[in-house]
């Protein structure tokens, strides 16, 4: 019914794409992992760093569960872009990807207390800006070194600035984007919006980079 409504009213497609992305982003992957791993005895929101994300899950639940959370978060962002693209085309994919980051960081089901959004943004990048992923991985490795351990916000700012700058370059120069959509102005706009949300979460949390990169 929702799909037919969106097809009948094209102006609703961007809204539908954003709503789909937000709802996917709110899926509490870390909370589910904690319940499965501990039978409900562990709450990541009150354990370790208090962040319901992959890094805290690795610390509290162990690597197996932590990396499962990371995979789930990346999948949320990627699925949001894929479904958003089906509903609203390229713009819908960008809207849904950013909305998934918002949903992950501010889930309505948990009092708007969520994670940092990095995993979802990786999924967003994989689907809408795959050409940039190798650069992103290199930056992630560099900003995870000992030198950056106490500079969470600075590391996030560097990565975010590079993402937005890369998106603008790919759009303006019309460089190939692997399996992703042809770069448009929506690419840097979506990167900037997602980065702003992530930077806000990092700034408000003020946790060490090793505890909140994910």
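Every read-out reported here was derived from the displayed coordinates using simple, explicitly stated rules and does not represent laboratory data. Not measured: the values here are computed from a predicted model. We place every Cβ from the backbone using ideal geometry, glycine too, and count neighbours over all the protein chains shown.
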Subject >> Sum of -39500 (n - 2.57) over DSSP H runs of 4+, divided by residues of the chain (222 nm, nearest 500) >> reply: -22500 deg cm²/dmol
Original post:
Just how far, in whole angstrom, is the stretch 148-185 from the stretch 37-98 if you go by their alpha carbon centroids?
Top reply: 21
Subject >> With Cα atoms, 0 to 90° folded angle of helix 186-205 axis to the chain main axis >> reply: 20
Subject >> Between helix 133-142 and the chain: long-axis angle, C-alpha atoms, 0 to 90°, nearest 10 >> reply: 30
Original post:
Pairing the Cα long axis of helix 13-25 with the longest principal axis of the chain, what angle in degrees results, from 0 to 90 and rounded to the nearest 10?
Top reply: 10
Original post:
Taking only C-alpha pairs under 8 Å that are 6+ residues apart, what is the relative contact order of the chain in percent?
Top reply: 22
Original post:
Peptides 117-128, 19-30: what's the order by average Cβ count within 10 Å, highest mean first?
Top reply: 117-128, 19-30
